[in-house]
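Engineer: Take a look at the following structure, please.
The values are calculated or read from the model by the stated rules, or taken from the named source; none is laboratory data. These numbers were taken from a predicted model, which means no experiment stands behind them. Cβ atoms come from the backbone with ideal geometry, glycine included; neighbour counts cover every protein chain shown. Just the protein is used for accessible areas: all its heavy atoms, side chains included, with ligands, DNA and RNA removed. Shrake-Rupley method; radii C 1.70, N 1.55, O 1.52, S 1.80 Å.
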Amino acid sequence: MKLRTLKATVVGAVVLSIVLLGACKSKQTQKPAVPVKVAAVELNTASSEARYSATIIPRTQVELAFKVNGYVDALRKIRGVDGKMRDIQEGDRISMGTVLARVRQSDYQVKFKEAKSQASEARSGIDVSKAQYEEAVSGIASSKSQLNEAEAAYVKAKLDFDRAENLFASKSMTKADYDSAKAQYDMTSAKVAAARSQVQVIEAKADSAKANIDVVQAKSQSAQAVVEEKQIPLRDTELRSPLNGVVLEKSVEKGTLVSSGDKAFVVADTSSVKAVFGVADVAVAEMKLGTKLSVESESMPGKELQGQITSVFPAADSKNRAFNVEVTIANPDYLLRPNMIVSLRVGTKQHISPQLVVPLNAVIKSKSNANVYAVIVVTEEGGRLLARLRDVKLGESFGNAVAVAEGLKQGDRVIITGGTMVNDGDQVKVIP
């Protein structure tokens, strides 16, 4: 009897251990709840006119950064509302080419002036070399003139000596006259040789002076290149606006130490702006380039602007699966400002019967049929929130929402953010 009781106890302990082990493994393998955002399926009783909320962005926006290092020692001065001059600040309008800020130039000016001095010395060397060459050329002309005179005297002396030789041979000239003619011939011959040597020396000097000009010119060009090289960072100490626009951000003040690449300003051209909004793939076909849309803003009640679709992105956003559309709006009075929210109206006002609608970013492609759309509904099962994939039949779109003809009922909660992270049956956690 005791043996049976012991066996039963052991078997029970083993079974309990197995159950506990299985429970532990189940807890370890259970996936954590995925955080998602949801929206309730609502009944739309508005008109068929589609309205979209859009964000205003500038036509052109540029970040301006310094290309050199140093301390900011000057900022653009603007006359304030009190009539006094102040440093430029966010919201100020600027013109193309305006110097917005300047880094201390002294260090760069020293190097630039040194390069200019060296370039000036090199140019002076060119002038000296040219003067030496011109002097040598002039000397060549003078030496050749002397050579011509020496050769003429030599020719005459040669004739006189030849005649003297004949007369002396025939006993018709005295020895003294013959010696005088020979001495004159020898002297003129020596003068011709000396004149020719002088011409060669001066010509060599001219060639050397000419070659030196080329060398000095090369040095001058190199020195001028250094000047231009040193002038670039000196120019870059001034940060200029590349466009007419407005200052959106300012990151520097007087005395700020900046490095190359540090952002100092963000400027934008808002003479025309873009309204950017997202549409689901079911509504992309309605967004045709060139279509004119009405634009309204709560900041301008009763005022309606006109915009034109200028861009439809070719791919959907990976996070919300919406296709971004850009509408360009003329903004001559600068009433529309970056990051403002505006309302865009598409279509005409017509009375329609109430329909169930869901946000556009809740709609996804069905995993069972590529030609069918679906949504992920959050349901409560056994005290847990689970994601359930549900195929739906869509109707027309109403701005940022789309009608659902089949598959949902009013009050169902559909995932609008985080749907790409869950599968059918996954546990989820709803976040605000």
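Engineer: Can you give me the % of accessible surface on the chain that is carbon or sulfur? Probe 1.4 Å, all protein chains present, nothing else counted. Let's see the in-between values first.
Structural biologist: Details: 13600 of 25770 Å².
The nonpolar share, carbon plus sulfur, comes to 53 percent.
Engineer: Which value does Rg/Rh take for the chain over its C-alpha atoms, Rh per Kirkwood?
Structural biologist: Details: Rg = 48.1 Å, Rh = 32.4 Å.
Value, to two decimals: 1.48.
Engineer: Something else: Report, by chain and number, residues whose modeled amide H sits under 5 Å from the one on THR256, excluding near sequence neighbours (fewer than 5 apart, same chain).
Structural biologist: Residues meeting the criterion, in which the H sits 1.01 Å from N, are VAL72.
Engineer: Highest GNM mean-square fluctuation, the chain, Cα pairs closer than 10 Å: which of ASP177, ASP73, ASP269?
Structural biologist: ASP177
Engineer: Nearest 20 debye, what's the magnitude of the dipole of segment 231-286 about its Cα centre given +1 on Lys and Arg Cβ and -1 on Asp and Glu Cβ? Don't skip to the end; give the middle numbers.
Structural biologist: Values: 6 positive and 8 negative charges, 56 e Å.
It works out to roughly 280 debye.
Engineer: Under the Karplus relation 6.51 cos²θ - 1.76 cosθ + 1.60, θ = phi - 60°, what is the ordered set of whole-Hz ³J(HN,Hα) values for segment 325-332, x standing for Gly and Pro?
Structural biologist: Once rounded to whole Hz, the list reads 10, 10, 10, 8, 10, 5, 9, x.
Engineer: To the nearest 10 Å², what's GLU238's accessible area with a 1.4 Å probe?
Structural biologist: Accessible area, nearest 10 Å²: 60 Å².
Engineer: Calculate for the chain the 222 nm mean residue ellipticity that helices alone would give, adding -39,500 (n - 2.57) per DSSP H run of length 4 or more and normalising by residue count, nearest 500 deg cm²/dmol. Provide the component values of the computation, followed by the final result.
Structural biologist: Numbers: 3 runs with 154 residues, N = 432.
Value at 222 nm, helices only: -13500 deg cm²/dmol.
Engineer: Checking a compactness column here: for segment 224-284, what do you get for Rg(Cα) / (2.2 N^0.38 Å), N being the number of residues? Spell out each step's value before the answer.
Structural biologist: On the way: Rg = 19.3 Å, N = 61, 2.2 N^0.38 = 10.5 Å.
Cα Rg divided by the expected 2.2 N^0.38 Å: 1.84.
Engineer: Using +1 at the Cβ of each Lys and Arg and -1 at the Cβ of each Asp and Glu in the chain, identify which of VAL201, GLY290, VAL137 lies farthest towards the dipole's positive end.
Structural biologist: Highest projection toward the positive end goes to GLY290.
Engineer: Once the Cα atoms of helix 2-29 and of the chain are each reduced to a long axis, what angle between those two axes, in degrees from 0 to 90 to the nearest 10, is obtained?
Structural biologist: 50
Engineer: Still on this structure: So what are the ³J(HN,Hα) numbers for segment 288-297, from phi and the Karplus equation (6.51, -1.76, 1.60; θ = phi - 60°), rounded to whole Hz, Gly and Pro as x?
Structural biologist: Whole-Hz 3J(HN,Hα) from phi for segment 288-297: 9, 4, x, 5, 8, 10, 8, 10, 10, 9.
Engineer: What does the charge add up to near GLN105, with Lys and Arg as +1, Asp and Glu as -1, over the other residues with Cβ less than 13 Å from its Cβ? Intermediate values should be presented prior to the final figure.
Structural biologist: Working: positive: ARG102, ARG104, LYS111, LYS113, LYS230, ARG235; negative: ASP73, ASP107, ASP236, GLU238.
Within the 13 Å Cβ shell, the charges total +2.
Engineer: Further, regarding this structure: Find the accessible area per residue for the chain; the probe is 1.4 Å, ligands and nucleic acids are left out, and the unit is Å². Numbers along the way, then the final one.
Structural biologist: Values: 25770 Å² over 432 residues.
About 60 Å² of surface per residue is accessible.
Engineer: Run the reach check for LYS219 against lysines, Cα to Cα strictly under 22 Å, same-chain hits fewer than 8 apart removed. What comes back?
Structural biologist: Partners within reach: LYS111, LYS113, LYS116, LYS130, LYS205, LYS210, LYS230.
Engineer: Using the basic label-point model (7 angstrom from Cα toward the beta carbon), what is the LYS182 to SER142 distance in nanometres?
Structural biologist: The two pseudo-label positions are separated by 3.7 nm.
Engineer: Further, regarding this structure: So, R0 is 30 Å and r is the distance between the beta-carbons of LYS365 and SER272; what FRET efficiency does that work out to, to 0.05?
Structural biologist: Details: r = 36 Å, r/R0 = 1.20.
With R0 = 30 Å, the Cβ-Cβ based efficiency is 0.25.
Engineer: Quick one: length gained pulling SER95 to GLU114 fully straight, 0.36 nm per residue minus the C-alpha distance?
Structural biologist: Working: separation 19, 0.36 × 19 = 6.84 nm, distance 3.38 nm.
That pair, SER95 and GLU114, stretches by 3.5 nm at full extension.
Engineer: Related question: Rounded to the nearest 10 degrees, what's the angle between the helix 106-169 long axis and the longest principal axis of the chain, both from Cα atoms, 0 to 90?
Structural biologist: 30
Engineer: In whole Hz, what ³J(HN,Hα) sequence does segment 369-381 give by Karplus (6.51, -1.76, 1.60; θ = phi - 60°), x for Gly and Pro?
Structural biologist: Result, rounded to whole Hz: 8, 5, 8, 10, 9, 8, 9, 10, 9, 9, 10, 9, 9.
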